[in-house]
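Asks: To start, I am sharing the structure in question, which I have written as structure tokens.
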Amino acid sequence: AGSIAYLEAEYFGGAGAQVAAVWTRGALTLEPGAGAPSINDALRVLGVVAQDGLDEFDTLHLGRCRETERWTSLETVI
């Protein structure tokens, strides 16, 4: 009934890439590929509003989830 996002980032030594996609009510509304939407693009589509001095990613404190081992151990990510 709502929206869901797939977010992926792979960085090492400052080089890397992001992949993001959003589905709304089952329809793909933000498509990965050409134009390469960023994680922040996807978060904006979901309605996240960045706080002053932060981007959407940091507004949600997603930096604490940079490593799979860390976010799988969190009881609540957001």
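The values are calculated or read from the model by the stated rules, or taken from the named source; none is laboratory data. Source: prediction; values computed, not measured. Note that we place each Cβ from the backbone using ideal geometry, even for glycine, and neighbour counts take in every protein chain shown. Accessible surface is based on the protein model in full, side chains and every heavy atom, while ligands, DNA and RNA are left aside. Shrake-Rupley method; radii C 1.70, N 1.55, O 1.52, S 1.80 Å.
Asks: Do we have any residue at all in the range 32-40 that's open to solvent by 80 Å² or more (accessible area, probe 1.4 Å), in contact with a Phe, Trp or Tyr (Cβ under 9 Å, 6 or more places away or on another chain) and not small (G, A, S)?
Replies: no
Asks: Right, next: If a residue has to be open to solvent by 50 Å² or more (accessible area, probe 1.4 Å) and assigned to a loop (DSSP other than H, G, I, E, B) to count, how many in the range 41-60 make the cut?
Replies: So the count comes out to 8.
Asks: Report every pair of residues separated by at least 6 positions or lying on different chains whose Cβ atoms are under 8 Å apart, first residue within the range 10-25 and under 18 Å from F57 (Cβ atoms), second part of a loop (DSSP other than H, G, I, E, B) and hydrophobic (A, V, I, L, M, F, W, C).
Replies: Note: pairs meeting the criteria are A17/A36; Q18/A36; V19/A36; V22/L46.
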